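A.B. asks: So that we are looking at the same thing, I have put the structure below in structure tokens.
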Ligand code: C2E
Ligand code: CA
Ligand code: CA
């Protein structure tokens with residue numbers, strides 16, 4: 001099982017690591033023995049002897065804390081280092097809540113072995129560190145329970161998509177819709193993405209949630225489509241950075257749209273530049289494969305990142321969505337106005353169309369039209385609404 005991993009050999013008496021070192025791996029003892037030592041009032045005390053098959057150093061590996069003891073080889077020791085990189089890779093492939101589970105187990109373990117320096121930091125921890133640990137524990141437990149709830153909510157169909165119209169600025173006609181997630185939480189009522197997406201993203205649950213959203217948007221599309229007289233209507237679905245690094249994304253995508261007979265040309269995918277900046281080559285490959293199927297790509301929240309449009313030129317982006325922050329401030333800030341104006345100009349020169357996000361008033365709509373912007377999305381045109389409420393909520397101008 002460990003054949004493909006490296007070995008490290010230590011001579012008798014050689015130090016493997018010392019208390020306070022930054023640790024990024026655990027060690028499995030393949031041969032030999034090691035002793036675990038702590039410093040007490042200036043003197044060393046051996047507190048444990050460990051041999052073949054035993055593991056040490058795992059705590060620092062899991063929670064990034066410094067080494068809590070010194071470990072030395074007693075006789076020649078052959079050790080298999082298990083590095084953080086490897087564990088993270090394994091955790092990514094495994095159950096998405098595994099890393100949180102590990103953290104919680106670790107904290108319980110720390111509490112039960114409060115005085116064991118092999119597994120916990122020294123008992124001379126400052127109050128600051130120990131209160132940070134307590135806070136961490138609370139946080140990890142909360143995260144774990146929220147992650148469980150998200151999984152349960154998926155199984156119990158508690159999520160819903162709301163749709164918000166994206167309108168032609170010239171005549172206010174609905175050109176398409178953006179699908180936005182809502183969670184009907186049994187105790188807390190309707191929850192917004194900001195309350196749970198961050199954790200779904202961190203744990204990888206967003207992959208399932210993202211596919212669920214795609215599936216639901218395709219399922220709803222025949223009904224939603226009837227709400228607009230546009231010649232080329234579309235529904236936009238948000239793609240998270242985590243989804244874009246999933247190897248199966250393109251195949252999952254194909255399977256879902258085929259299952260619902262969804263015309264790929266009527267589906268748009270929205271993504272932010274984060275993923276492009278973090279994984280430029282993977283993103284290029286996957287995005288090219290997605291648009292080969294006929295779907296369009298929209299760059300979301302434009303202006304909030306750091307890369308600038310010129311940098312993103314080689315990506316097959318057809319729509320630029322200017323972030324709400326600039327649109328909101330535009331009428332009162334010459335700088336925001338300039339950012340909006342130049343983004344529209346640049347996008348057009350690259351053959352992209354432009355959506356302004358967060359259009360809340362008629363004055364903003366007029367200004368955007370004057371600046372040559374193509375589409376608007378925001379409360380002025382309609383709030384996001386459940387499919388069932390749609391006709392009631394949407395207010396076309
Ligand atoms: P976003 O993609 O930028 O979506 C637009 C957000 O702006 C939505 O917030 C929408 O309700 C809000 N909004 C629209 N018009 C106005 C307006 O005129 N004024 C103001 N103040 N706000 C407006 P929401 O629905 O809370 O979604 C927040 C974010 O969560 C989205 O931002 C998107 O990044 C993410 N999200 C939502 N659904 C999904 C999903 O299915 N998958 C993924 N990966 N992310 C999603
Ligand atoms: Ca979006
Ligand atoms: Ca946006």
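The values are calculated or read from the model by the stated rules, or taken from the named source; none is laboratory data. Keep in mind that what you see is a predicted model, and the values were worked out from it rather than measured. With ideal geometry, Cβ positions are generated from the backbone for all residues, glycine too; neighbour counts draw on all protein chains shown.
A.B. asks: In the set 264, 258, 187, which member is on the phi < 0 side of the Ramachandran plot and either over 26 Å from the mean Cα position of the chain (by Cα) or not assigned by TED's automatic domain parsing to the domain that holds residue 353 (or both)? Step through it out loud before you land on a result.
C.D. replies: On the way: 264 fails: either over 26 Å from the mean Cα position of the chain (by Cα) or not assigned by TED's automatic domain parsing to the domain that holds residue 353 (or both); 187 fails: either over 26 Å from the mean Cα position of the chain (by Cα) or not assigned by TED's automatic domain parsing to the domain that holds residue 353 (or both).
One residue alone meets the criteria, 258.
A.B. asks: Mind listing just one residue for me: the one in the range 360-374 that is touching a residue at least 40 places away in the same chain (Cβ under 8 Å) and in contact with a helix residue (DSSP H, G or I) (Cβ under 9 Å, 6 or more places away or on another chain) and, of those, farthest from residue 326 (Cα to Cα)? Even if it seems obvious, please write down each step before you answer.
C.D. replies: Residues of the range 360-374 touching a residue at least 40 places away in the same chain (Cβ under 8 Å): 365, 368-369, 373-374.
From what's left, in contact with a helix residue (DSSP H, G or I) (Cβ under 9 Å, 6 or more places away or on another chain): 368, 373-374.
Working: 368: 12, 373: 13, 374: 16 Å.
Top of the filtered list is 374.
A.B. asks: Hey, any hits in the range 376-391 for a residue that's over 29 Å from the mean Cα position of the chain (by Cα), modelled with pLDDT of 95 or more and assigned by TED's automatic domain parsing to the domain that holds residue 286?
C.D. replies: To start, the set of residues in the range 376-391 that are over 29 Å from the mean Cα position of the chain (by Cα) comprises 380-381, 388-391.
After this cut, where a residue has to be modelled with pLDDT of 95 or more as well, the list is 380-381.
Right, trim to assigned by TED's automatic domain parsing to the domain that holds residue 286 and you get 380-381.
Scanning the range 376-391 turns up at least one residue that is over 29 Å from the mean Cα position of the chain (by Cα), modelled with pLDDT of 95 or more and assigned by TED's automatic domain parsing to the domain that holds residue 286.
A.B. asks: Same structure again: For the range 255-294, which residues satisfy the criterion of being modelled with pLDDT under 95 and either in contact with a strand residue (DSSP E or B) (Cβ under 7 Å, 6 or more places away or on another chain) or in a strand (DSSP E or B) (or both)?
C.D. replies: Hits for the range 255-294 are 271, 272, 273, 287, 290, 291.
A.B. asks: Which of the residues spanning the range 228-245 are part of a loop (DSSP other than H, G, I, E, B) and either out of contact with any helix residue (DSSP H, G or I) (no Cβ under 8 Å at 6 or more places or on another chain) or surrounded by fewer than 18 Cβ atoms within 10 Å (Cβ to Cβ) (or both)?
C.D. replies: Residues of the range 228-245 part of a loop (DSSP other than H, G, I, E, B): 228-233, 239-240, 245.
Matches in the range 228-245: 228, 229, 230, 231, 232, 245.
A.B. asks: Report yes if residue 348 is exposed (fewer than 15 other Cβ atoms within 10 Å of the Cβ) and assigned by TED's automatic domain parsing to the domain that holds residue 288, otherwise no.
C.D. replies: For residue 348, the condition - exposed (fewer than 15 other Cβ atoms within 10 Å of the Cβ) and assigned by TED's automatic domain parsing to the domain that holds residue 288 - is not met.
A.B. asks: Also: With in a helix (DSSP H, G or I) and either within 14 Å of ligand 2 (Cβ to nearest atom) or within 25 Å of residue 167 (Cα to Cα) (or both) as the only criterion, which of 182, 219 stands out?
C.D. replies: 219
A.B. asks: Only one of (1) at pLDDT 95 or above; (2) over 18 Å from residue 276 (Cβ atoms) is not met by residue 349, so which one is it?
C.D. replies: (1)
A.B. asks: Restricting the search to the range 296-326, which residues are in contact with a helix residue (DSSP H, G or I) (Cβ under 7 Å, 6 or more places away or on another chain) and over 25 Å from residue 267 (Cα atoms)?
C.D. replies: 307, 326
A.B. asks: Quick one: in the range 29-54, which of the residues that are under 25 Å from residue 78 (Cβ atoms) and assigned to a loop (DSSP other than H, G, I, E, B) is modelled with the highest pLDDT? Walk me through how you get there before you give the answer.
C.D. replies: Residues of the range 29-54 that are under 25 Å from residue 78 (Cβ atoms), as a first pass: 29-38, 44, 46-54.
Imposing the further condition that a residue be assigned to a loop (DSSP other than H, G, I, E, B) reduces the set to 32, 52-54.
Values: 32: 90, 52: 85, 53: 85, 54: 86.
Top of the filtered list is 32.
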